[in-house]
1. Give me the pairs: first residue in the range 101-112 and among the small types (Gly, Ala, Ser), second residue outside any strand (DSSP E or B) and surrounded by 12 or more Cβ atoms within 10 Å (Cβ to Cβ), beta-carbon distance under 7 Å, and six or more apart or on different chains, which are they?
2. Would you pick out the residues in the range 6-27 that are in contact with a Leu (Cβ under 7 Å, 6 or more places away or on another chain) and surrounded by fewer than 19 Cβ atoms within 10 Å (Cβ to Cβ)?
3. Within the range 48-67, count every residue that is surrounded by fewer than 15 Cβ atoms within 10 Å (Cβ to Cβ) and under 18 Å from residue 107 (Cβ atoms).
4. Among the residues of the range 64-74, is there at least one that is in contact (Cβ under 8 Å) with a residue 12 or more places away in the chain and of a type in the set (Ser, Thr, Tyr)?
5. How many of the residues making up the range 7-32 are of a type outside the set (A, V, I, L, M) and closer than 15 Å to residue 109 by Cα?
6. Within the range 39-56, is there a residue that is touching a residue at least 40 places away in the same chain (Cβ under 8 Å) and at positive phi?
Amino acid sequence: MAHVRAVLASGPGLPGGSTAQGLDMVVPLTPQGRMDEVALIAADAPLPARRFRPDREDWTGMLVATDGGFALQSQNSRDDPIWAMEAHVFRPGDYVTLRRPSGEEMVFRIVAVDPD
């Protein structure tokens, strides 16, 4: 498992991004830095995720496997829509894209990957 921290590179209303907004996630990774789907499914407990913004309370959720890959799901209600996640490799400088069900995208640049 790894703790991944990423900052907003671009999003609705913030095309230049914001280092004050970001994601903190615990992610199972292969030695090559890719998402380990087998480890995610086998995890004993939900893997936490947090989106932080300076003007709002933190959003908390968990990383989940989906038919199409991976997503973030709210911790408060399983009825809330999930945000599809796209990332090829989790290394500093690489990117994670979150996509709302409406199609709106937010792109985050990975700034740190540390053992959890």
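Throughout, read-outs are computed from the coordinates displayed, never taken from laboratory work. Values in this document were obtained by computation on a predicted structure and should not be read as measured data. A quick note on method: Cβ atoms are made from the backbone with ideal geometry, for glycine too, and the neighbour counts reach across all protein chains shown.
1. 112/92
2. Across the range 6-27, the qualifying residues are 14, 17, 18, 26.
3. The total comes to 1.
4. Step one: of the range 64-74, the residues in contact (Cβ under 8 Å) with a residue 12 or more places away in the chain are 64-66, 68-74.
Still in the list and also of a type in the set (Ser, Thr, Tyr): 66, 74.
Scanning the range 64-74 turns up at least one residue that is in contact (Cβ under 8 Å) with a residue 12 or more places away in the chain and of a type in the set (Ser, Thr, Tyr).
5. Within the range 7-32, the first condition is being of a type outside the set (A, V, I, L, M), and the residues that meet it are 10-13, 15-19, 21-22, 24, 28, 30-32.
Then drop every residue that is not closer than 15 Å to residue 109 by Cα, which leaves 10-11, 15-19, 21-22, 24.
Summing the residues that are of a type outside the set (A, V, I, L, M) and closer than 15 Å to residue 109 by Cα in the range 7-32 gives 10.
6. No, the range 39-56 contains no residue that is touching a residue at least 40 places away in the same chain (Cβ under 8 Å) and at positive phi.
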